[in-house]
Amino acid sequence: MSAEAADRSAVAQVATIDFHVTAECSQECPYCWGPQGFEEPVDTNTALAIIRRIRTVGARRIVFTGGDPLQRPDVGELIHGARAVGLEVALSTTGDRLDSEFLEANAGCLDLVSLPLDGSTEEVSCRTKEPGHYAAVMGALELLRAYPAIDVKVCTPVTRHNLADVPYILRLVEMYAETTAARVFYNVFQAFPRTMQEVEWEDLLVSAEEFAALRRELAKRRRVRVNWLDHETLDRLYVMVFPDGSLVVPQGTEYRSYGPFLDIVDLDDVLARSAFDSARHLAHSRGWSKNPELPVADRRARRG
Ligand SMILES: C[S@@+](CC[C@H](N)C(=O)[O-])C[C@H]1O[C@@H](n2cnc3c(N)ncnc32)[C@H](O)[C@@H]1O
Ligand code: SF4
């Protein structure tokens, strides 16, 4: 085996795995690319086995996402389980269920909380979110100030409904960053045309040119780290476990399923045969890591 081949076999292709622990959510965002349906997600024991396996396949970080992971009564147990096996833990939540009780119980196990914000005002937010979502996210951000060790990420899928508002959302995120000791990131997504529901995409999507122009307009605003995710970047970026425990590697408009995650013997082999763009994924994941200098987990070292 060449040295290069040996390196490839030692280092996992995936740094972060998104575990969609439920499809349940209080919102019905028209662009939602999360899983829909899945009325019987995996039970707690299976979810914990998936979490352990996410660690042993070499990933360093887990993202609990959905739907809204806080719709699962056992989410705290899953978060503690992920921390116990040494994973960095991110929580991508809708925000309206994030309360002080949850934070008190789980803050010590959370590295990052990600919240969606579709507008800088209730009026803009309401175009794609339910009434009250904007206020709920503001409340969640307020609560998170008491936990500066938890990074905060605000995310906006850019659509025709909020394209003109993104500079104001960024200003809001910058103002928040000035009032907290936590690291604050802002993820700007070019809403991606992949969903499990019927969608009139023409009413929603912004073009590559519009997205690039927005990025140029906001290029000099650097008080928070802004991460621009256009269609090209977003495609083939993620490795996911869906609520039924299946491995999904989305490509273009398709959710490609590779069967039960727990049945997969060699994840790297599956990923190598999929369209997953490991190099882009690893570069993207490093951006959020608290220890970006650490190499991606070495499976052989951990097994030994
Ligand atoms: C599927 S959601 C699940 C977590 C939580 N419910 C939320 O919305 O943050 C995860 C992230 O994907 C983003 N998102 C959802 N649909 C999208 C799409 N079609 N294109 C780009 N981003 C999308 C959301 O804004 C959110 O930041
Ligand atoms: S809040 Fe998140 S999971 Fe819920 S519908 Fe919107 S994008 Fe989908």
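The values are calculated or read from the model by the stated rules, or taken from the named source; none is laboratory data. Quantities reported herein were computed from a predicted structural model and do not represent experimental measurements. We place every Cβ from the backbone using ideal geometry, glycine too, and count neighbours over all the protein chains shown.
A compact table of results
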read-out	value
Residue in segment 121-153 that is surrounded by the most Cβ atoms within 10 Å (Cβ to Cβ), counting only those that are acidic (Asp, Glu) and either part of a helix (DSSP H, G or I) or within 16 Å of ligand 2 (Cβ to nearest atom) (or both)	130
Residues within segment 95-135 that are out of contact with any strand residue (DSSP E or B) (no Cβ under 9 Å at 6 or more places or on another chain) and free of Cβ contacts under 8 Å to residues at least 40 places away in the same chain, tallied	14
Residue match in segment 200-211 (condition: modelled with pLDDT under 95 and in a loop (DSSP other than H, G, I, E, B))	yes
Members of segment 178-199 found to be modelled with pLDDT under 95 and either assigned to a helix (DSSP H, G or I) or polar (S, T, N, Q) (or both), listed by number	197
Among the residues listed as 90, 107, 84, the single one being of a type in the set (Gly, Ala, Ser), crowded, with 21+ Cβ neighbours inside 10 Å and away from ligand 2 (no atom under 13 Å from the Cβ)	90
Any hit, segment 165-173, residues being in a loop (DSSP other than H, G, I, E, B) and at pLDDT 95 or above	no
Residue under evaluation residue 39, criteria (1) charged (D, E, K, R); (2) within 16 Å of ligand 2 (Cβ to nearest atom); (3) farther than 25 Å from residue 196 by Cβ, criterion not met	(3)
Odd one out for residue 197, checked against (1) among the polar types (S, T, N, Q); (2) within 16 Å of ligand 2 (Cβ to nearest atom); (3) touching a strand residue (DSSP E or B) at 6+ places or on another chain (Cβ under 6 Å)	(3)
Flag for residue 270 being at pLDDT below 90, crowded, with 17+ Cβ neighbours inside 10 Å and in contact with a strand residue (DSSP E or B) (Cβ under 7 Å, 6 or more places away or on another chain)	no
Matching residues in segment 154-186 - criterion: being touching a residue at least 60 places away in the same chain (Cβ under 8 Å), touching a Lys or Arg at 6+ places or on another chain (Cβ under 9 Å) and crowded, with 21+ Cβ neighbours inside 10 Å	159
